[in-house]
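Report on the structure given below.
Each value in this text was obtained by applying a stated rule to the coordinates, not by laboratory testing. Every value quoted in this text rests on a predicted model; they were computed, and no experiment measured them. Heads up, the Cβs are rebuilt from the backbone with ideal geometry, glycines too, and the neighbour counts pull from every protein chain shown.
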Amino acid sequence: MKGFVSVHPSTEKRLRRCGIKDADVTQGVGSATLSAGTHLKVGTCEGRAFGHCVDLRWGSVEDRARFDRLVAAGFAPFRRDWAGNQHWHLVDCTGLKDDSGEVPAPRSLVRVQILDFCDGRSGLVGHAPLDGAWAPDHWQAEAIEADLIDHANCSVVLVRMGDKWVDCYAYLERGTVRCELRPLVEALGGVVRWSNAWAIPCLTVTHDKKTWEAIPLPESIKAWRARIEGSFVRCALRPVAENLGHTVEWDPQTLRVVIGKEV
């Protein structure tokens with residue numbers, strides 16, 4: 001859907017204040033395959049289905065001043081300079097209430113995109129760095145991350161192994177620390193292989209000459225609670241690390257995980 005009718009009334013109000021027009025909204029709530037589920041409906045408000053993401057036409061954010069206004073209004077703007085599909089992808093990071101007064105939590109991939117924005121990354125597979133001209137400054141990143149913690153029903157978790165941080169996009173959800181599988185396994189010295197050769201998602205993890213295989217996800221590795229979320233495979237951190245022979249220490253006060261050496 002296009003236009004303001006495809007977004008939450010609060011989203012519309014804040015976009016208008018930033019100078020965005022109805023014709024600038026090229027996609028609000030929807031199920032386009034290329035969006036990988038980021039635009040899916042999460043609720044209904046005042047007769048409108050809404051999600052947490054909205055796409056704008058390419059020329060609608062013409063300078064840093066408008067970018068800054070959008071961030072101040074609670075959006076994480078991503079510049080998508082794609083051949084044949086140039087646009088701006090915005091994530092609404094505020095608490096959008098539905099008709100019942102509840103605040104639906106953003107989907108997992110949307111949360112990952114918010115974390116990426118705060119870290120100056122693309123929100124896409126590979127997490128490439130954003131162009132410096134279109135990356136948030138320190139204070140903007142802090143404000144957006146605070147919105148995520150306040151409204152997304154999850155908390156950002158820091159993961160450490162030895163003297164290094166493991167950049168695996170971990171967060172605490174319903175008492176479980178979940179993260180991206182590939183960067184976690186690779187930090188632990190393993191290898192992740194992914195294939196759709198048989199039209200069925202096939203995941204193989206190899207570590208210290210041992211192999212775990214899931215065909216399809218998540219049936220064969222139930223303990224890992226691995227599943228495809230948008231463009232990523234996410235999992236429960238503890239069982240993966242322990243299955244690969246490492247210890248896991250959790251500090252609920254500081255929201256930090258320390259992965260120990262192989263046992």
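Remarks
- Dividing the summed helix terms, -39500 (n - 2.57) for each DSSP H run of n ≥ 4, by the number of residues in the chain produces a 222 nm estimate of -6000 deg cm²/dmol to the nearest 500.
- Counted charge near K97, where neighbours are those whose Cβ lies closer than 15 Å (Asp, Glu -1; Lys, Arg +1): -4
- Counting other Cβ atoms within 10 Å as a rough exposure proxy, the listed residues S100, S108 run S100, S108 from fewest neighbours to most.
- Counting Lys and Arg as +1 and Asp and Glu as -1 over every other residue whose Cβ lies under 14 Å from the Cβ of R111, the net charge comes to -4.
- Its relative contact order, with pairs defined as Cα atoms under 8 Å and 6+ residues apart, puts region 4-151 at 20 percent.
- Length added when fully stretched, D131-V191, from 0.36 nm per residue minus Cα-Cα: 18.6 nm
- For q = 0.12, 0.16 Å⁻¹, Debye-computed log10 I/I(0) when each Cα of the chain counts as one equal scatterer: -0.76, -1.21
- Stretchable slack from D68 to D22, in nm (0.36 nm times residue separation minus alpha-carbon distance): 14.6 nm
- Most mobile listed residue (T211, T26, T44) in the chain, GNM with C-alpha springs under 10 Å: T211
- For D150 and K210, the FRET efficiency from 1/(1 + (r/R0)^6), where r spans their Cβ atoms and R0 equals 41 Å, is about 0.50.
- Between Q27 and G3, D55, the built amide H atoms are under 5 Å apart, and every one of these is 5 or more places off in sequence or on another chain.
- Largest mean-square fluctuation among P239, P252, P129, in a Gaussian network model of the chain whose springs join Cα atoms under 10 Å apart, belongs to P252.
- Inter-label distance for D81 and V5, nm, one decimal - labels placed 7 Å from Cα along Cα-to-Cβ: 3.5 nm
- Note that region 1-130, at 4 °C in a medium of 1.567 mPa s, gets a Stokes-Einstein diffusion coefficient of 89 µm²/s from its Kirkwood radius over C-alpha pairs.
- For N85, neighbours were defined as the other residues whose beta-carbon sits under 12 Å from its Cβ, and their charges (Lys and Arg +1, Asp and Glu -1) total 0.
- Total lysine pairs whose alpha carbons fall under 18 Å of each other in the chain (8 or more apart, or interchain): 10
- Fewest-first sequence of L90, L70 by Cβ atoms within 10 Å of each Cβ: L70, L90
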